[in-house]
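The values are calculated or read from the model by the stated rules, or taken from the named source; none is laboratory data. Note that the structure is a prediction, hence the values are computed from the model and not measured. Here the Cβ is made from the backbone with ideal geometry for all residues, glycine too, and neighbour counts use every protein chain on show.
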Amino acid sequence: MRAIGIVGYKNSGKTTLSRALARELVKRGHRVAAVKHSSESMDFLSTDTSKLKEYADQVGFVSATESGIFLKGERSLDEILTHLDADMIIIEGFKQELSYPKIACLSGRAEDENLFNGLIICAVGPSDQMGEVGGQDVPYLNRDAIERIADLVEEKAFKLPRLNCGGCGYEDCYGLAREIVVGAKTVEECVAQHPAVEVLIDGKPLAMNPFISRMVGDTVRAMLSSLRGFTRGKIEIKID
Ligand code: SF4
């Protein structure tokens with residue numbers, strides 16, 4: 001799963017860009033999912049059905065054209081991502097998340113500078129705002145240049161697991177993410193992406209830091225080694 005963030009202040013065109021980018025990436029054959037941070041409630045269920053939300057913590061709905069799951073309460077971005085099945089995720093908002101690259105939608109206001117935290121791969125805005133932005137050396141593209149923006153996304157999108165385990169030699173995922181954005185490192189440096197032990201829950205990988213991964217592997221191997229018939233090799237365990 002790779003991800004690209006779309007960040008910007010109010011009325012900077014984030015949703016318009018997200019929609020155009022999703023359309024272009026689907027056209028190119030990607031399975032695209034989108035996540036949006038909102039300060040408003042999403043009342044996407046009909047008035048009658050939405051009454052279920054008053055008491056149930058989770059509501060699933062299925063219709064002939066769409067299906068969805070409503071989860072009560074604010075969830076972390078990474079929890080929401082575990083529910084999605086796509087190869088490219090467009091994440092709108094979530095300025096504070098630091099484990100994937102982002103596109104800055106400029107509004108022309110002074111606070112745009114705050115968006116440049118080392119994870120921006122390009123700035124997008126109207127063509128009359130040309131010039132250096134945020135003190136960061138990134139391409140500045142007209143928001144209508146969606147094919148060039150999509151090219152950059154295909155080249156640079158990634159998502160680190162946000163375990164902040166330090167296994168890559170950086171204090172946290174943000175440290176490695178910044179180096180990947182400037183091309184000094186690759187996602188392969190994240191050792192948590194290639195754990196010695198891989199756990200799949202309902203077919204989806206469970207993120208584990210290297211310490212836990214080694215501990216699970218050593219413990220399971222030690223338990224199995226006392227059983228007759230044990231030999232060294234790749235171990236597969238299925239738990240229903
Ligand atoms: S190894 Fe991966 S999960 Fe751990 S801090 Fe580095 S980037 Fe984050």
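How many of the residues in region 215-236 are within 16 Å of the ligand (Cβ to nearest atom) and either in contact with a strand residue (DSSP E or B) (Cβ under 8 Å, 6 or more places away or on another chain) or at pLDDT below 80 (or both)?
0
Any residue at all in region 101-116 that is buried (at least 17 other Cβ atoms within 10 Å of the Cβ) and within 16 Å of the ligand (Cβ to nearest atom)?
yes
Which one is farthest from the chain's Cα centre (by Cα) among residues in region 188-209 that are more than 7 Å from the ligand (Cβ to nearest atom) and crowded, with 17+ Cβ neighbours inside 10 Å?
VAL197
Residues that are of a type outside the set (Lys, Arg) and closer than 21 Å to LYS95 by Cβ: list the strands (runs of 3 or more DSSP E) wholly contained in region 15-83 that include at least 1 such residues.
On the way: elements: 32-36, 58-62, 67-71.
Strands (runs of 3 or more DSSP E) meeting the threshold: 32-36.
Within region 39-61, is even one residue under 23 Å from VAL181 (Cβ atoms), polar (S, T, N, Q) and surrounded by 14 or more Cβ atoms within 10 Å (Cβ to Cβ)?
no
Filtering region 166-181 down to residues that are touching a residue at least 40 places away in the same chain (Cβ under 8 Å) and surrounded by fewer than 20 Cβ atoms within 10 Å (Cβ to Cβ), which residue is farthest from the ligand (Cβ to nearest atom)?
ARG178
Looking at region 140-150, can you tell me whether even one residue there is at pLDDT 85 or above, within 16 Å of the ligand (Cβ to nearest atom) and assigned to a loop (DSSP other than H, G, I, E, B)?
no
GLU154 fails exactly one of the following numbered conditions: (1) within 16 Å of the ligand (Cβ to nearest atom); (2) at pLDDT 95 or above. What is the number of that condition?
In the conditions (1) within 16 Å of the ligand (Cβ to nearest atom); (2) at pLDDT 95 or above, GLU154 misses (1) alone.
Which pairs turn up if I take residues in region 196-214 that are free of Cβ contacts under 8 Å to residues at least 24 places away in the same chain and part of a loop (DSSP other than H, G, I, E, B) and look for partners that are more than 15 Å from the ligand (Cβ to nearest atom) and of a type in the set (S, T, N, Q) with beta carbon separation below 9 Å, at least 6 apart in sequence or on another chain?
LEU206/THR82
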